[in-house]
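I have placed the structure first, in the form of structure tokens, so that the comments after it can refer back to it.
The values are calculated or read from the model by the stated rules, or taken from the named source; none is laboratory data. Predicted, not measured: the structure shown is a model, and the values here were computed from it. Using ideal geometry, Cβ is built from the backbone for each residue, glycine included, and neighbour counts are taken over all protein chains shown.
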Amino acid sequence: MFSLTLRQISRNSFVGANVSAFNVSKYSTVPEATLDIQKCTLHKLEHGPPTQATVTREDAIRFYWDMRTVRRMETMAGNLYKAKQIRGFCHLYSGQEAVCVGMESSITKDDAVITAYRAHGWTYVRGVAPHAILGELTGRASGCAKGKGGSMHMYTKNFYGGNGIVGAQVPLGAGIAFGLKYENKPNICVTLYGDGAANQGQLFEAYNMAKLWNLPCVFVCENNGYGMGTSVERASASTDYYSRGDYIPGMRIDGMDVLAVREATKFAREYALNNGPILIEAATYRYHGHSMSDPGTSYRAREEIKEMRETRDPITVFRRKILECNLVTPEELKKVDIEVDKEIDKAADQAKKDPEIPLGELYNNIYIHPDPDYTVRGCDPSIRVISH
Amino acid sequence: MASAFGHFGRRSIQFTGFRRILHYDPCNIVQRSTSEIRSFHLNRNVDASIPVAMPALSPTMTEGTIVKWHKKEGDPISPGDMLCDIQTDKAVITFDIEEEGILAKILKAENSKNVKIGSMIAVMVEEGEDWQNAEIPESSESSSEASTSSEPSSAPSAGEPTARIRMSPAARKMMEEYNISSPQTVPATGPHGMVNKGDVLKYIQTQHLTKIDLRKAAQVPPSPQKSTPTTPSTPTSSPVTRVPPSITVSPEGGYQDIETTNMRRVIAKRLTESKTMIPHSYVSIECKVDAAMKLRKKFIASGTKISMNDIIVKAAGYSLQRVQKVNSHWSGDSIQIQPTVDISVAVATDSGLITPIVRNAAELSLSQISSTTKALAVKARDGKLQPQEFQGGSFTISNLGMFGIGEFSAIINPPQTAVLAVGTSVLKPSAEGKPCSYLTVKMSYDSRAIDETEASQFLEKFQQVMENPSLLMV
């Protein structure tokens, strides 16, 4: 299939693992395995994604690597924040890694993604190196937005951020899908939002336009159970977020299982390219508080967090599954752990040592292609600086 | 475990560059590989200890106090476990740790105060490592501190070829009195390596020296500083223990420095603000409390234990409902009459005076006021008050009757506009000649918000209801 070949091409350029190093193994491992996935609850869909997924060795290691990287990077961001190296807002993605890693594996680099402020994981899977992410968080010139954006404003090609206003990105996502359709591109736009944003009015306006014009938009609700400190039961009259699209078909998937997410996204992508918008509710969980100023324990019990960590952690559960079916060996996974830790530690050290941008940068990036002699006025009218 | 590290090879211990507990490497010439530059708190070598630094749990925090450790040395740690409770500038927050491993060493025990952000508070090792012999990673701060402090002490000895150390005359006199024969041993912190009197004092305290001057016959040897406990806490330590202020006794002169806690500093600041900014006016009245005392005895006989203070709180609530001007806040240029009567009751604790609030006191019954006040006082003494339980309030009552104080005046708690100071009841002859119990209350009020007439009306109502407590039953 067309989309399958695209995926195989893009697989070679993923960030991170040197997969060839893992092909030689002393122990007998199988090249691929088929695992069961939880059946999805469907809304206005006759059949949903399959209940079984086949995963190859390379893919398994790649998923494990990517999820470990996101987890370690978020932990590192938390530590840097506590050491006052990162200031301002910092919303961590720990616990939700399976969503970004699983979805990225089913979409192409030409598909667009837009999400809210809990975006570090997505920035990584969309191709930004951890060094650039941590550099952006610590405000250095090596950051992906030159240190000017910070946690909530990270962008890269076909990744539209990084949006601070709750729910604002959903109409934008529908617009991106509109642009893709207008230019006849065989691509979708994955538009993510949270359970807190799911009750915002502009989402329903976006659903309407998407359905009316059959836009190739996949709406994804990352339902982690809490909108800041409010649980979904206290916030929404209907917690079946997958059905909130009404005339837009939807499904609820297990957001802690990377393979379930992968299969659902594969299914949704095909549906969106052929039939119009579709809504996915990924039931997931975040371990940290809403942001770094929220301990995360005043509105939920520690036991709940501990239980989720022990029974439904995406990395631990996936690790156990792929070890059980002999896709990988424990030594290989241990090696991945060590390599990932080393890489993130190095990235953090580098980010702390990198310089910040010079003051002249304040005047840049205002227009996309300004004339060579275009100047911008400073606060004092006598200051004029050339803007690039 | 060995197989997992197989082809990496264990790095030999001597090249880790860490300061071992048993072996001291002053030159520290060990080189680390450039890809793993020693970075504080974030470096994770394969077989090295993980330092745990003091986190900044709020953006304005610069230092904090470790109140309680939730883990002991040797405990396994999973990501998300509570490590310790830290008192920040705002509240006591639990520090959750995201690393995985075993807690090897606790470097800052419970009740360690003024721990700066970034300083090492504990050391962790990976699972399976020998935690008992864990190496304590050398922190960049301690090494830089050591280098800067060694400079001034080496300067005098290096700069002057003879043993001529620069010292202040007071320092010289002290050295003679305490028989410090080799002045070079006193670490100097003055400019250009000069030895100050403070340096000598510190040296005397650490070395526990005594004065040799026989003229001062009744000299008490300087007592060692009452230091905070440095041993690791026992598992049965109580939650949120209050730190008693440490008292340093100066060897000379005998004055005592009582260290102020954060709370006292805040109290001091607020009281100064209040007394200097608010024009206090005072008005007092005597109330015949025989009827109230009789009512109290009746209640106790029937089983509900209430105190005089509860009756006073209720009487004040009743009066505040009727003279609403006194139940107000001063907001800079306007008077805001508060919708409910929330009375702050002053409670004395070890660390200062705190005023938990009895909300809606005018609508509560006497027994409700009694139980609320008791519960709040217990919480206040344990340091467990929530911010909403002591912030706010529309009126304060301070009662020193239990000490036998006849009359006193209290300081207003801004943004409130009045405070009632209650004395003890004394037996005096009344106008008819009978012995009656009289209670004097003095109200301090903000003259900007309340004028004399209103203040007097309030006290009149208060006296009325104290002398006829049956009015409270309405």
Quiz item: of a type outside the set (D, E, K, R), surrounded by fewer than 13 Cβ atoms within 10 Å (Cβ to Cβ) and assigned by TED's automatic domain parsing to the domain that holds B:Ser319: does that describe B:Gln463?
Solution: no
Quiz item: Of all residues in region A:192-210, how many are under 14 Å from A:Ser243 (Cβ atoms) and surrounded by fewer than 17 Cβ atoms within 10 Å (Cβ to Cβ)?
Solution: 1
Quiz item: Got a number for residues in region A:134-174 being surrounded by 24 or more Cβ atoms within 10 Å (Cβ to Cβ), within 14 Å of the chain's Cα centre (by Cα) and of a type outside the set (S, T, N, Q)?
Solution: 2
Practice problem: Evaluate region A:135-152: report whether one residue or more is in a loop (DSSP other than H, G, I, E, B) and over 30 Å from A:Ala351 (Cα atoms). | Solution: no
Quiz item: In region B:87-98, which residue that is farther than 17 Å from A:Lys306 by Cα and in a loop (DSSP other than H, G, I, E, B) is farthest from the other protein chains (Cβ to nearest Cβ)?
Solution: B:Asp89
Quiz item: What number goes with the only condition from (1) in a loop (DSSP other than H, G, I, E, B); (2) free of Cβ contacts under 8 Å to residues at least 60 places away in the same chain that A:Asn187 does not pass?
Solution: (2)
Quiz item: Is there any pair linking a residue in region B:79-97 that is within 21 Å of B:Met263 (Cα to Cα) to one that is among the small types (Gly, Ala, Ser) and surrounded by 20 or more Cβ atoms within 10 Å (Cβ to Cβ), with Cβ under 9 Å and at least six apart or on different chains, and which?
Solution: B:Ile86/B:Gly64; B:Gln87/B:Gly64; B:Thr88/B:Ala56; B:Thr88/B:Gly64; B:Asp89/B:Gly64; B:Ile93/B:Gly64
Quiz prompt | Counted residues, region B:102-111 - those being crowded, with 21+ Cβ neighbours inside 10 Å and either within 12 Å of chain A (Cβ to nearest Cβ) or of a type in the set (Gly, Ala, Ser) (or both) | solution = 1
Quiz prompt | From the options B:Ser284, B:Ser331, B:Ser302, residue that is free of Cβ contacts under 8 Å to residues at least 60 places away in the same chain, in the same structural domain as B:Ser437 (by TED's automatic domain parsing) and out of contact with any helix residue (DSSP H, G or I) (no Cβ under 7 Å at 6 or more places or on another chain) | solution = B:Ser302
Quiz item: Which is in contact with a helix residue (DSSP H, G or I) (Cβ under 6 Å, 6 or more places away or on another chain) and either buried (at least 20 other Cβ atoms within 10 Å of the Cβ) or outside the structural domain of B:Leu459 (by TED's automatic domain parsing) (or both), of B:Ala421, B:Ala361?
Solution: B:Ala361
Practice problem: Among what's in region B:69-83 and is within 26 Å of the chain's Cα centre (by Cα) and surrounded by fewer than 22 Cβ atoms within 10 Å (Cβ to Cβ), pick the residue that is farthest from the other protein chains (Cβ to nearest Cβ). | Solution: B:Lys72
Quiz item: Is one or more of the residues making up region A:252-275 touching a Lys or Arg at 6+ places or on another chain (Cβ under 6 Å), aliphatic (A, V, I, L, M) and away from every other protein chain (no Cβ under 14 Å)?
Solution: yes
Quiz item: So which residues in region A:214-245 are assigned to a loop (DSSP other than H, G, I, E, B) and in contact with a Phe, Trp or Tyr (Cβ under 7 Å, 6 or more places away or on another chain)?
Solution: A:Leu215, A:Asn224, A:Gly225, A:Gly229, A:Gly245
Quiz prompt | strands (runs of 3 or more DSSP E) lying entirely in region A:25-64 (those with 2 or more residues that are in contact with a Ser or Thr (Cβ under 7 Å, 6 or more places away or on another chain) and acidic (Asp, Glu)) | solution = A:32-36
Quiz item: Considering only region B:369-385, how many residues are surrounded by 14 or more Cβ atoms within 10 Å (Cβ to Cβ) and over 12 Å from B:Arg359 (Cβ atoms)?
Solution: 9
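Residue-by-condition table, conditions (1) within 22 Å of A:Asp337 (Cβ to Cβ); (2) modelled with pLDDT of 95 or more; (3) at the interface with chain B (Cβ under 10 Å from one of its Cβ atoms):
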| site | (1), (2), (3) |
| --- | --- |
| A:Ala83 | no, no, yes |
| A:Glu97 | yes, yes, no |
| A:Thr108 | no, yes, no |
| A:Thr115 | no, yes, no |
| A:Ala119 | no, yes, no |
| A:Arg126 | no, yes, no |
| A:His131 | yes, yes, no |
Quiz item: In this structure, is B:Ile312 modelled with pLDDT of 90 or more, assigned by TED's automatic domain parsing to the domain that holds B:Phe462 and within 35 Å of the chain's Cα centre (by Cα)?
Solution: yes
Exercise. Can you give me the number of residues within region B:251-281 that are β-branched (Val, Ile, Thr) and either under 30 Å from B:Leu209 (Cβ atoms) or in contact (Cβ under 8 Å) with a residue 24 or more places away in the chain (or both)?
Key: 5
Quiz item: Just wondering, is there one or more residues in region B:301-320 that are in a helix (DSSP H, G or I) and surrounded by fewer than 19 Cβ atoms within 10 Å (Cβ to Cβ)?
Solution: yes
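Conditions (1) more than 30 Å from A:Met251 (Cα to Cα); (2) surrounded by 12 or more Cβ atoms within 10 Å (Cβ to Cβ); (3) without any contact (Cβ under 8 Å) to a residue 40 or more places away in the chain, marked per residue:
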{"position": "A:Tyr285", "(1), (2), (3)": "no, yes, no"}
{"position": "A:Met292", "(1), (2), (3)": "yes, yes, no"}
{"position": "A:Glu304", "(1), (2), (3)": "no, yes, yes"}
{"position": "A:Arg319", "(1), (2), (3)": "no, yes, no"}
Exercise. Among what's in region B:402-442 and is of a type in the set (A, V, I, L, M) and assigned to a loop (DSSP other than H, G, I, E, B), pick the residue that is farthest from B:Tyr282 (Cα to Cα).
Key: B:Ala431
Quiz item: Quick check: anything in region B:71-86 among the hydrophobic types (A, V, I, L, M, F, W, C) and not in a strand (DSSP E or B)?
Solution: no
Quiz prompt | Looking only at region B:335-358, and only at residues there that are among the hydroxyl-bearing types (Ser, Thr, Tyr) and farther than 26 Å from B:Glu460 by Cβ, the one that is surrounded by the fewest Cβ atoms within 10 Å (Cβ to Cβ) | solution = B:Thr349
Self-check item: Residue under evaluation A:Thr29, criteria (1) touching a residue at least 60 places away in the same chain (Cβ under 8 Å); (2) under 27 Å from A:Gly162 (Cα atoms); (3) among the polar types (S, T, N, Q), criterion not met
Solution: (2)
Quiz item: Do you know which residues across region A:297-350 are at the interface with another protein chain (Cβ under 8 Å from one of its Cβ atoms) and within 19 Å of A:Gly229 (Cβ to Cβ)?
Solution: A:Thr297, A:Arg302, A:Ile305, A:Lys306
